[in-house]
Structures are given as structure tokens and as C-alpha cells.
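First up is the structure itself, then whatever we jot down about it.
Readers should treat all values here as calculations from the given coordinates under stated rules, not as data from a laboratory. Because the structure is predicted, anything quoted here is derived from the model rather than measured. Every residue, glycine among them, receives a Cβ derived from its backbone with ideal geometry; neighbour counts consider all protein chains shown.
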Amino acid sequence: MDFNQLSLYVQKGNGGKVKEMVSEGLAQKVSPTEILNEGLIAAMTAIGEKFKNNEIYVPEMLMAAKAMNAGMQVLEPVLTATGVKPIGKAVIGTVKGDLHDIGKNLVRMMLKGAGIEMYDLGIDVPAQAFLAKAKEVGADMICLSALLTTTMPYMDSVIKEFEKAGVRGQFVFMIGGAPVTEAYAKSIHADCYAEDAVVAVDVAKKYLAKKQ
Amino acid sequence: MDFNQLSLYVQKGNGGKVKEMVSEGLAQKVSPTEILNEGLIAAMTAIGEKFKNNEIYVPEMLMAAKAMNAGMQVLEPVLTATGVKPIGKAVIGTVKGDLHDIGKNLVRMMLKGAGIEMYDLGIDVPAQAFLAKAKEVGADMICLSALLTTTMPYMDSVIKEFEKAGVRGQFVFMIGGAPVTEAYAKSIHADCYAEDAVVAVDVAKKYLAKKQ
Amino acid sequence: MAKTFEKLAYNSLNDFVYGSAPNPVKCKNGMVIGGGEIYPELNFTLPAMEVTASNMPEIKEIYSEMINGVLKRAKELYAPGIVVEFEMLPEMTLVPEWGIEVNNLLRNAMSEYEAKYGLKSALRSTPGDVREFKRPPVMRSGEIFNNLLKTIEGSAKGGADFIAIESTGGKEIHDDALVNADLTKVIFALGVMGTRDIKFLWEHIVQIAGANGAQAAGDTACGFANTAMVLAHKGFIPNVFAAVVRVASVARTLAAYEAGAVGPNKDCGYEGVYCKAIAGVPIAMEGKSAACAHLSAVGNIAAAVADLWSNESVAPVRLLSDIAPVVSIEQLIYDCRLMNVAKQKGYGITFRDFLADSDSKLDPQAYILRPDVVFELSKELIKAKTPFLKTKAGAKLAVDAIRKAVDNKEVFIAEREKNWLDIMDDQLAAIPDDEEKFWHQIKGELELDKFIPAEYELD
Amino acid sequence: MAKTFEKLAYNSLNDFVYGSAPNPVKCKNGMVIGGGEIYPELNFTLPAMEVTASNMPEIKEIYSEMINGVLKRAKELYAPGIVVEFEMLPEMTLVPEWGIEVNNLLRNAMSEYEAKYGLKSALRSTPGDVREFKRPPVMRSGEIFNNLLKTIEGSAKGGADFIAIESTGGKEIHDDALVNADLTKVIFALGVMGTRDIKFLWEHIVQIAGANGAQAAGDTACGFANTAMVLAHKGFIPNVFAAVVRVASVARTLAAYEAGAVGPNKDCGYEGVYCKAIAGVPIAMEGKSAACAHLSAVGNIAAAVADLWSNESVAPVRLLSDIAPVVSIEQLIYDCRLMNVAKQKGYGITFRDFLADSDSKLDPQAYILRPDVVFELSKELIKAKTPFLKTKAGAKLAVDAIRKAVDNKEVFIAEREKNWLDIMDDQLAAIPDDEEKFWHQIKGELELDKFIPAEYELD
Ligand SMILES: [Zn+2]
Ligand SMILES: [Zn+2]
Ligand SMILES: [Zn+2]
């Protein structure tokens, strides 16, 4: 199977061709994990690199993510059947009082492109909702977003909610948004800070790998 | 005795006349405490008000302080003899690593004008020196000054030194200087913050009164 | 109240300059915005802290410290006048009392400085458009909408000179359209949803402000064109796309003036320069002295035809000199002084062109703010008959103008941006002129759970 | 190396303008300071943290974040060139390795940006004058003095383009003289102590910088005239006093050029405008875009004849947009763009006069920076034969010029400032022209435990 070609189709955003190639590969008994890693995720890594080097814009990245999703529709049932797990599960949301979701949505899409199973709670999300969802899906990671100086402090409240429930240690907390800084992340004992959606992928992968 | 006239001489910076009037007052058996409070300190309070209202500049204030000191040279032995204590004793200095002393000197002179006994350790003062001097003279208050963002954190070290010695509670800590803020004062558990030399007088008086 | 603008407010490009607007606005204390001089407009916000009932005393203290610091410095620098903008945090509109309390606190401090020292000032109150707190947003009724109106009423009664807002109608669709650089959806969001919402909302604001002694000032495509600008700054979308969105947003912001608003337009609405050319209203703008709030490619050119010069927003962070709002007012006052002196000496147009020429070659977002470009494009734009058609026309005019400027080497765009002009052209060509037809054509591609068509008179 | 300046560096006031100096300075990479364009000069400092060996890794990370942020933004804004100033904290000169390490880190980042993106930049390294750490200071020998020279040598070897310093000779007496508004002692501190120390110190700097590939740039009366400015800003001393101290400080800073320094003069030395008129050296200045570091009455006028435009200093505080140093570089770049465009269009002198006229009426400290005033006063000042006499002449010229300007309503001073002109006049009249006589006359009034006369060739 030509993984290089599959990757190129993903990068070009050609969902139809991606679906086709994944189906063919499976039919030819190519390992589904290999298709995932060498084809789809490799493509998203390459696209992330291109973005970092100012070769493409976000729309191209989103088109690639959609093409990858098309491939995943075919691949996922097989992966599940063979007991392959996603590299991680993450709950994401913009915290209470805050309505901004462009950045949060980009992070969601990029993490999904990296093979992470994403649960998006949307905007204006209270601490309890993060906790409930995290428990429900058995998440590995919680991603918090805030765009205002006056909602950023609520990130602390979310983490405290997990502490109160005695489950803080089970989750990696990644935070981000315009007013958020590395120093702020440290001060509320978040595990990590990501300054944009592309960095978020690297950071999330690193922390999920550590967690396992 | 014409306290009003005495106050005017102090305010005009006429040290000779101040000395003369204080001596006459004492000869006429006017209460030394009254001379101090109704004459000298009242004058300095008035001069502080004038400064706050932009009626005079610091040089005029310093001239008044000098005139007051002239009066104190006559008055102090009598006050000591009659067992009258100063309203408080303060140790002052610019913290380690910092060489700025204009602001610190102004505070020293203004506090002295308010009747506080001042011990000036100068600039670049290590924590231990503050502690030693405070114990030696039985100070009520420690005044710390810093003009640099990189020396301000040393104020915390000074207070910690007093904590380590188990005597923190015996002293009021007042801090100030360009980078210092109310919030910073709170964060290191200083008792109070003064934004300039005139404010320092009000703040110091308030805290010394509280302490007694 | 409904107005239509069928020709430019200007006869000559040589009258189109900072500090002067064809229809100046007079404040209660006699200050005139757009009457000849450019004034600073200072905005501030809270540091990292939650807006809650228990925090309100501390919040009021912080606003009090900020306003007094700003007024003191303005007085020391002999500012001939300043405008203060109070841009409310969401909670301050959700709970109208909170917003109104701070509004009144600011108003009182300003009145005191005017009485004591003769420092003239005017207050712009800007409630948050909190309708988007519900998803999908209910735009025209309900508790949130009522609280928004209540906040406006209370602010006006409390003495605000101007009421402004960053309205969000259409943002439900526009956010995604932006990150996908999908100009078709951008046009729908701005030209159909945005313009309809603004008409509805601003008729209310004009009525309430007028009944309570305030002026209905203006709106901004902040959540649209400025979001595009920020995304372009981060390299997420092309600069040319952001530039086109800006001109596409003109009709949307203009709709507030059609509904009876009188200016000054809101600072972050760079599309204000087009509104000024068309409606003759004074405008606030922001550039290099708003770098505390966002970096930009329009640091100087933004001032070219501004009547108020703003810092956008700053929290009371402590700098070496003073808190940041005081630093901002100092910078704005000096910028304005310089511009006013040049104008007084008869060099207003010359100075305007320094401002424009210094930025316009380096970025298409700056280029489309050139006074001559604004003038030419506005002339064409007003020929389009409806707000929707004006939106579409704006985008097309911007694409064409940028293409021509690139060819003539009047503006620089990166190589990889060039084919985006073609992409946008193709997208625009496929948009029908009939609004209803467009709606039915695009409907299938929209996420219909994100907005309520009926709130936009759509079915 | 010793030079004397017996006439102005200019024949005509119309050549005295920002961006161009009679004796421009060329950097290693070809950038020319004072060669026609004005460039930004960016300075930054550490946030609240102690400078210790164990903090050095974090300190280097902070400088690295700051320099990379600044260079990235300068590149994005197509800056034709920038200067970065590294003003060392005291510990970084007391322990030369620390200062040199950071110097090299900055130099490397700058060289990398030049190689990768063609962004031209030059580094100014400014060790702290730590001699005053000992009280009374030993000015001409000892470990501290040697470490200062070592830091200069290491910075030059590490690739600094310019070496500057805020030297402090005379400050032992000047601090008290200032708060007492005692002009007699000010003249002694600046004119006798300061000028002698600068001559000594700068002969060393010129030698070391020259031997190690750097240029000996310039000094500033920061600890003198800027302290006066800050005290006046707080209402501690009269504005007219601060203005007179500024002109009195000219001879002191000029002494560095007599000793062989070539510029650019240091930003906070507003007396640099006089040095430029007299010695023809390029100068750095700071105004409204240095409001992050200190508020001032000279926000615009400071730029009138500047060759570098500085933000003075800012810590990496987080603002809504970015860290403060990045905000500063953006503002400086836009300011410079505007000035350069005006000049390119042939309006350099016109723009210079906008800058001057916008501030000069409102404060005597601004007035004495007017290019025409600087020109006239400089012509007279150089007639005085020695640095001491130039100091005294500067003060007298400033008093007279301000008095005349007040009478002609060309500058505004508060009522209560007026009699200070007389006070200063009286004090100046009593100062003998003979330096030795002055010393013996004033000796009795000085606190002789505060300084060591021999360090100033006094007995
Ligand atoms: Zn905005
Ligand atoms: Zn300085
Ligand atoms: Zn400096």
C-alpha cells in the first residue's frame, strides 16, 4: 500500500480518495494500525509542519482534517473490532462566562487529527460539566480555553473541582487562550499550556505518552 | 506661648527662631509635650498638607524639617528627662543590591518630622542588618525601599529573616519604591505600603498608633 | 429614523481627514467629536479576576483607581478633551445593575474632574452583546435581550454620552466561515444575518438612547473583521482574506447609521473609515497606541481619518512608570497633540498622507484603509441598493482593488496569498444578487443548529 | 583622542533634524545611525526576580524570550533596522560573566535573524556604573572598577556594536542637591565632579571598546537630569529647576565626546540634543513610546532631532496582545516609519517642527529641547572654555531662555515656579568662574563623608 499517496490525499483534502484507499488497504489486509499511523496521522503531522513553516493556512489544515475523518469512518470500526484504542481521550470546552470558541474548535480539530478522541462541551462550561464528562467517557485529558482576563480564573475553579472529587491525578490538564501564560498554568497547577492549536498537538501527544 | 508663631517659624525654615521660641517656652514652664505636639509636629503636618495641595516643593519641606530639628535639639533632652517617649522608632534602609536613596532619605526626613525616631542603615542593606538594628534599638517599625524590579523581591527575604528569628510580629513593616505596589506588599505580608514620602507619614502614624 | 446614503458625505478627498467629520457630534458638555480636533479615547478592562457579586466592591475600586489615574494624567498633560470608553464584561450586561454601577462611578469621576479642573470628557458606554450566551442565540426577545436593553437604558440615564455595542448577529456562521476562509458564508453572515440584526438592534438603541439623553454612537464588526485580522496576524488565514472581510463588513456597520446612529463609530471597527466617507459620521480608530491590546499592520494608517484615537483596551497591569491605562492615555494624548498641531498649521492632509503612506504598501489590510482607496471604493459601494448587495459589492471591490494594487506594486502580498484573490473572486461570482435565492442556495451548507433563522427573518 | 568643540556641527538650523547627524556612525553590518533614517532602539529588563547565580538559567531564558519576540515582530513589520539596548542590572556588571553571557545570547539571536531574514540590527551594551556600590565610591581603581572594565571588554569582544554607560560621578553630591533644589551644588556635582569623572572613565571606554571592535557610544545624565525630571513630575521640585539641570548637564555628557566617544548618545540623555548640535554625533532619544518606563512632558519633542527612538526600558509584563517588549517594538517601528516617510517626502523639517511645537509651550523641560532653542543655546554654550564653565553657562543660558519665553508667552510655567528663576539666578551669580576657588568655597557645605575628593582630583 502506498502510504505516501494516502498521506498526499489527506493533505490535499481529498476525502473521497482517502476513503477509497483506506478501503482498498483493508481489503488487501494491510494492518489498520499501520494505515492509521503511517497514512492518516503521518499526513496530519506533515500538514502541521507545513503550517508551522508558513506554507499553508488553517483552511487547508481543516480540509486535511476532514479528509482524515473520511478515512477514519472506514477505519474506526475495524480498529475497534481489533481492540486498538485511540492514543487518548480528551474533554474540551471554553470555561464558564466565556463565549469564544474559534480557538477551542481549532484545538479540537487538530487533536482529533492527531488521533485523539475528542468530546467537545462547547462554551460557557461549568466545572461540574467537565468533571461529569471526564468521568463518563474515561478521559485522559481535559482541555480548557478562556479568552478573557475575567474568565481565565475560572480554569482554577475547574481544576479545584477535580481536586475536591479526589480525581485530579487521573487527568492531564492542558490550558490555553489569549490571556493564558505558562506562568499562569503553573500557578494553578495545570499540567501544560499550549499557545496555539499546532503546539497543542505536540504538547498533548507528549503528555499522553507520559501518562501511559 | 504662641504655638501658631512657632509653627510658622518651622514652616518658614527659620531654625534660629524656632530654637529661641522653644527655649523661651521651656523657661516659661510650658509643657514640653505640648511644645512638641502643638508647635513642631503641627507645623510639619501643616507643611505636609501644603505639599499635598501643590503649594510648596520638597526643598521647602526639608527646610522646615531642619528647623524642626533645631527645635528638637533643645526639646529632646527635656523630653527624655521627663520620660516622654517618641511616638515610635523606625529602622529604614534600601535593600540589598539597590543603591537608590533619594526616596528613602525623603521618607526618613518626613518621618523624623512627624516625631518618629529614625535609624537609617543606608543602601544595599542585607536582611541581617535590618534585624540586628531593629533588636538593638527596640524599633517599632521597619521601612524598606527598593527601586528595581530585581531588588524588590529582597524585601520578602528581609521579612522572612524576621520570621525565622521569631520576631516578625513585633514590628510593623512599611515598604515602598517605584516597582512596589499595594498588591506586592500584601503578597509578602508587609503591613503597609506607602506610595510617597508624604503618604508614608500618614501610614506610619496610623500603624504606630494601632501598635500601641 | 431610517436613512439611506445615496452619495458620499464628501465632495472632495481633500476634506476627508482626521479630526473633522461632515456630521460632527456634540456632547452634553459642549465637546464636539469630529469638529476639527482629534481626541484620545481611553478604554480599560479588569485584570485576571472573576466578575461576581462578591467581587463587585473590589471591581469598583479597580475602575476607580483606573479612571482617576487616567483623568489625573490627562489634566497634567493639558488634554483639551478625552473620551473614556467603558466596555462592559459579559456579566455586567447579564446583570444590568453591575454595569450601570460602574458606568455611574466613571461618570462621577469624570464630572468631578471637569468641575474641579476644567478637564472636558465624554463617556462611551458599551454593553456586551450577551445574546450569544444562549446557543443558538435568541436575538430579539427573552431575558438576555431585555437585560441588554436595560443596561443601555441605565447607562444612558446614568449620564453616558454615547452608547455603542459590538453586535454579534451572524457570528454563529461567521466564525467557522473565517477559519475555513469561506467567503461565501462570510458574505451570508455579514450581508444577510448581520445587516438584518443591526437594523433591528439599532432601532432599539436609537430609541432608548434618545429617550434617556445619550447618543446612539455606533457598532463595529469586531467579532468579524477584527477576528479575521487576528487570525491573519497568526498566519491562520491570508492577509488578503482579512482585508476583503473588512470591506465586506462595511454595509453591516453602516446599517447602524441607516437605523439612526450618529457616531462616533467604535474604535475597533476599522471599517469606520468607509462609514465616515459614506455617512459623514465621526469615527474612533485604533492603531499603534492600541498595540497593548493587539498587534496590527495598520499602526499609523488607522489614524488617517480618525476623530477619536483609541488604545482599544488595557488591564491595569503595573509598568515601570505607572499602571497601563495611564501609560495609554499619555501615548494617545501625545499622538493627538501632534496630529492637531499639524492640522492647525495647515498640514492636515499632508500629515494624513504620511500616516497612510507609511503603512499602506506593506499589507493589504492597511492598503484598503488608504483614504483615497476608501473614497473610491465607497463611491462604488453605495451604488449597490441593499445592505446585502453592499456587502457583496464591498468584497468584490476590495478584491479588485488589491489585485490592481499588487499589479502596480502599490501593495506587497506574499506569493502564497496571490491565488486567494482568484479563489475569492470565484466564490463571489457564484453568489446570486437575490437575497432569498442566496439563502435557499446556501441553507443546505449551513449548520442549522447554530442559529435560529427566524431571528433573522429567514425561514 | 581628546577633542574640543569650538563651533557647532551645523551651519544651518535647517539641517538639524531627526535621522541625520553630521557624523553618522556605521555598524559592523553596514547599518548607519544618523545616516538619514531614524531607527527604533528597544530596551528591556527583568521582571521582579533576583539576579543570582542560581537564577541565571531562568534569566537567560527570559532574555531569550524577549529578544526573539522583539526580532520576530520587527521582521513581520519589515523594520529596515533596529538597535537593541542591553542595560545591565548591577549584578551583571559586578559579576562580569553574567553580563557577558546575556550580551552574547542577545548578539547571537540578532545575528541569526539577520542571517535568516535579513533583519539588520545592532547591539548596544550598557554595563551598570556599579562604582557607587561602595560608599563613598572609589571611582578610579579597585575590584568594582576593574569588573566594570572587564564587562565592557567582554561585551565588546562578544560582538556588541556600541558601549554606553550611565555614569554616576558626582551623584554623591547631586542627589541631595536635587531634593534641596540647590543649584550651586548641582553645578559643582555636574560641572566639576561629573565632567572630571567622565573624562577619566570615557578615555578608558574609548580605548577598550576600540581595541575590541566596538564603538564607544555615549553617556547620559540619567542619574542627574532624569532624576530631576522624575522629581519634578511628582511635584517635588519645580519644572524650571529640572529644565535648568538638563542644560547644566550638557557639558558633562559632552565630555564623553571630547574623550573620543562617537555616538549614538544614550536614549535617556535628553541633553543629547545639545551634544548633537555641538559634536555632530547621532543620538538616541525617548518620549511617548517610553511612557511604559516613565511619564514625561516631552513625549513628541524628544523625537525632533533623534537618530534612534527608544522605549527606555520595559519588563516582560504580559499585556492583552503580547509581552510588553514586543508591544514597544511595534510602537517604535510605527513612530519611525511615520517620521521617515515624512522626511522622504521632503517634510523632515516640517515634521520636526510639528514634534517640537506640539509640546514646547506646555512645559519648560520641553521648551529647552526645541531645536531652535538648542541651536541658539549651544552656540553660546561652546563659547565657555572649560567643561565647568560650560556647565555654569548652560544653567545660566537655560534660566535666561526660559525667563524670556515666559515673558513672550512661548512657554507656560505655574505661578509658583516663577520666583525659582530668580533664586537660580542668584545662586548662579555667586558661583566663581575659577574651579579651584569654587571648590574651596563650597567645600565647607558639602558632606565630605559622601565622596572622596581625590577621586575627582580635588584636595
Ligand atoms: Zn473590539
Ligand atoms: Zn537612564
Ligand atoms: Zn535608558
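For the stretch D:1-95, state which trypsin sites (Lys or Arg not before Pro) are in a DSSP loop and have at most 16 other beta carbons lying within 10 Å of their beta carbon.
D:Lys3, D:Lys7, D:Lys28
Taking loop as defined by DSSP and a crowding limit of 11 other beta carbons within 10 Å, which GluC sites (Glu not before Pro) in the stretch C:128-226 fit?
none
Given the options B:Pro153, B:Pro59, B:Pro179, which has the most mean-square fluctuation in a GNM of chain B, springs set between C-alpha atoms less than 10 angstrom apart?
Residue with maximal mean-square fluctuation among B:Pro153, B:Pro59, B:Pro179: B:Pro59.
Please list, in order along the stretch D:293-309, the HN-Hα scalar couplings obtained from phi with the Karplus expression 6.51 cos²θ - 1.76 cosθ + 1.60 (θ = phi - 60°), rounded to whole Hz, x for Gly and Pro.
So the J values, rounded to whole Hz, are 9, 7, 6, 7, 9, 10, x, 9, 4, 4, 8, 3, 10, 6, 10, 10, 10.
What's the minimum Cβ distance from chain B to the axis relating it to A, in whole Å, and which residue gives it?
Of all Cβ atoms in chain B, the one nearest the axis gives B:Ser187, 6.
Averaged across the residues of C:359-372, what count of C-beta atoms belonging to other chains lies within 10 Å of each residue's C-beta?
Counting Cβ atoms of other protein chains within 10 Å of each residue's Cβ and averaging gives 1.
Assuming R0 = 60 Å, can you tell me the calculated FRET efficiency for the pair C:Asn408 and B:Lys164, based on Cβ-Cβ distance, to the nearest 0.05?
After rounding to 0.05, the efficiency reads 0.25.
Compute the relative contact order of chain B as a whole-number percentage, counting only Cα pairs closer than 8 Å that sit 6 or more residues apart in sequence.
This gives 17 percent for chain B.
If you draw the axis that swings chain D onto chain C, which residue of D has its Cβ closest to it, and how far is that in whole Å?
D:Val317, 3
Rounded, prolate or oblate: which fits the stretch B:88-211, taking a ≥ b ≥ c as square roots of the Cα gyration tensor eigenvalues, rounded meaning a/c under 1.5, else prolate when a/b beats b/c?
Here the stretch B:88-211 falls in the rounded category.
So how far apart, in nm, are the two label points at B:Glu195 and C:Asn29 if each is 7 Å from Cα heading toward Cβ?
According to this spin-label approximation, the distance is 2.0 nm.
Compute the distance from the alpha-carbon center of the stretch D:333-357 to that of the stretch A:175-206, in whole Å.
After rounding, the separation between the Cα centres reads 43 Å.
Just the number, please: percent antiparallel of the DSSP beta bridges in the protein assembly as shown, rounded to the nearest 5.
Once the DSSP bridges in the protein assembly as shown are tallied, antiparallel ones form about 10 percent.
Going down the table (C:Lys234/C:Lys392; D:Lys234/D:Lys437; A:Lys211/D:Lys75), which pairs top 28 Å between alpha carbons?
D:Lys234/D:Lys437; A:Lys211/D:Lys75
When the scattering of the protein assembly as shown is computed by the Debye formula from its Cα atoms alone, each counted once and equally, what is log10 I(q)/I(0) at q = 0.04, 0.05, 0.07, 0.08 Å⁻¹?
-0.25, -0.40, -0.78, -1.00
Who wins for biggest fluctuation among A:Val125, A:Val30, A:Val158 in a Gaussian network model of chain A, springs between alpha carbons below 10 Å?
It is A:Val30.
Specify the inter-centroid distance of the stretch B:58-102 and the stretch C:1-76, based on alpha-carbon positions, in whole Å.
If we compute the Cα centre of each part, the gap is 49 Å.
Below 8 Å, C-alpha to C-alpha, sequence gap of six or more: please give me the relative contact order for chain C in percent.
Once normalised by length, the contact order is 20 percent.
Charges only on Cβ, +1 for Lys and Arg, -1 for Asp and Glu: so what's the dipole of the stretch A:3-81 about the Cα centre, in debye to the nearest 20?
120 debye
How large is log10 of I(q)/I(0) for the stretch D:144-240 at q = 0.10 Å⁻¹ when the intensity is taken from the Debye formula with one equal scatterer per alpha-carbon?
Log-scaled intensity ratios, in q order: -0.33.
Which one of A:Gln5, A:Asn37, A:Ile188 is farthest out on the positive end of the charge dipole of chain A, using unit charges on Cβ (Lys, Arg +1; Asp, Glu -1) and the Cα centre as origin?
A:Ile188
Shortest first, in nm, what separates the label point of C:Ser141 from those of the same position in the other copies (7 Å along Cα→Cβ)?
9.4
Filter the GluC sites (Glu not before Pro) in the stretch D:70-129 to those in DSSP coil with at most 14 other Cβ atoms within 10 Å of their Cβ, and list the result.
Here no GluC sites (Glu not before Pro) fit, given the DSSP loop and packing criteria.
Given Cβ point charges of +1 (Lys, Arg) and -1 (Asp, Glu) and nothing else, what value in debye, to the nearest 20, does the dipole of the stretch B:88-211 about its Cα centre take?
360 debye
With the Cα gyration tensor of chain C giving a ≥ b ≥ c as the square roots of its eigenvalues, does the rule (a/c under 1.5 for rounded; else a/b larger than b/c for prolate; else oblate) give rounded, prolate or oblate?
oblate
If you put a point 7 Å past Cα along the Cβ direction, how far is that point for C:His204 from the same point in each other copy, in nm, smallest first?
Between copies, matching label points for C:His204 lie 7.3 nm apart.
Can you bin the stretch B:3-81 into rounded, prolate or oblate? Criterion: square roots of the alpha carbon gyration tensor eigenvalues sorted a ≥ b ≥ c, rounded for a/c under 1.5, prolate for a/b above b/c, oblate for the rest.
Prolate.
Quick one: label points 7 angstrom along Cα→Cβ at C:Gly30, distances to the other copies in nm, smallest first?
5.9
So if I place +1 on the C-beta of Lys and Arg and -1 on the C-beta of Asp and Glu, and nothing else carries charge, what would the dipole magnitude of chain D be about its Cα centre? I want it in debye, nearest 20.
Result for chain D is approximately 1060 debye, rounded to the nearest 20.
So which lysines can B:Lys164 reach, going by Cα to Cα under 20 Å and dropping same-chain residues fewer than 8 places off?
B:Lys96, B:Lys133, B:Lys135, B:Lys186
For chain B, what is the mean residue ellipticity at 222 nm derived from helices alone (per DSSP H run of n ≥ 4: -39500 (n - 2.57); sum divided by total residues; nearest 500 deg cm²/dmol)?
Helix-only estimate at 222 nm: -17000 deg cm²/dmol.
Specify the inter-centroid distance of the stretch D:124-157 and the stretch C:418-455, based on alpha-carbon positions, in whole Å.
68 Å
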